[in-house]
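Below is one structure, written out as structure tokens; the observations come after it.
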Amino acid sequence: MALGEVYAGGDPETSGTAGTVDVSPTVGWVAPGQSFYVKTYGSSSCPNAPVRLAAGEASLRITMTRIGGSTCTADFGPTSYALDLPESLEGALSIAITLDFQDGEQVDLILRCAL
């Protein structure tokens, strides 16, 4: 079961070189200092979802798992989840976030806190 809730907001798609779209995972604020989102790309019927969150001193490790069943649609799009910021990280100026995917991929991101 996924943590948080599916989130329809988030940053707009970012254009890459030669008109391509950047489909790298991203993080950003839903409510600064309180909740944030994680956005990944993949099948809309089998998205990667956060299933475990572990807080460190100024870091978060989020385990991402594909959910939705054994048969997935061949589409490719964004899915975002809103998560509550652990109380231990409230007031941090920046938070190092590591996304651990079930296929072994790791993505390191920085969530910068709004002042």
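The values are calculated or read from the model by the stated rules, or taken from the named source; none is laboratory data. Worth saying up front: this structure is predicted, and the values here are computed from it rather than measured. With ideal geometry, Cβ positions are generated from the backbone for all residues, glycine too; neighbour counts draw on all protein chains shown.
General observations
- Any strands (runs of 3 or more DSSP E) falling wholly within segment 23-115 and containing at least 1 residues that are over 18 Å from residue 7 (Cα atoms) and modelled with pLDDT of 90 or more: 48-55, 59-66, 94-101, 106-112
- Residue, nearest to residue 21 (Cα to Cα), within segment 35-53, restricted to residues that are under 9 Å from the mean Cα position of the chain (by Cα) and among the aromatic types (Phe, Trp, Tyr): 37
- Candidate set: segment 92-108, residues that are closer than 23 Å to residue 46 by Cα and not charged (D, E, K, R); chosen: the one surrounded by the fewest Cβ atoms within 10 Å (Cβ to Cβ): 104
- Scan of segment 71-102 for residues that are among the hydrophobic types (A, V, I, L, M, F, W, C) and more than 12 Å from the chain's Cα centre (by Cα), ordered by number: 72, 74, 76, 85, 89, 92, 93, 95, 96
- Taking segment 72-91 as the range and being touching a residue at least 12 places away in the same chain (Cβ under 8 Å) and surrounded by fewer than 17 Cβ atoms within 10 Å (Cβ to Cβ) as the test, the residues that pass are 72, 73, 74, 75, 76, 77, 84, 86, 88, 90, 91.
- Selection from segment 1-22 of residues that are surrounded by 13 or more Cβ atoms within 10 Å (Cβ to Cβ) and modelled with pLDDT under 60: 13
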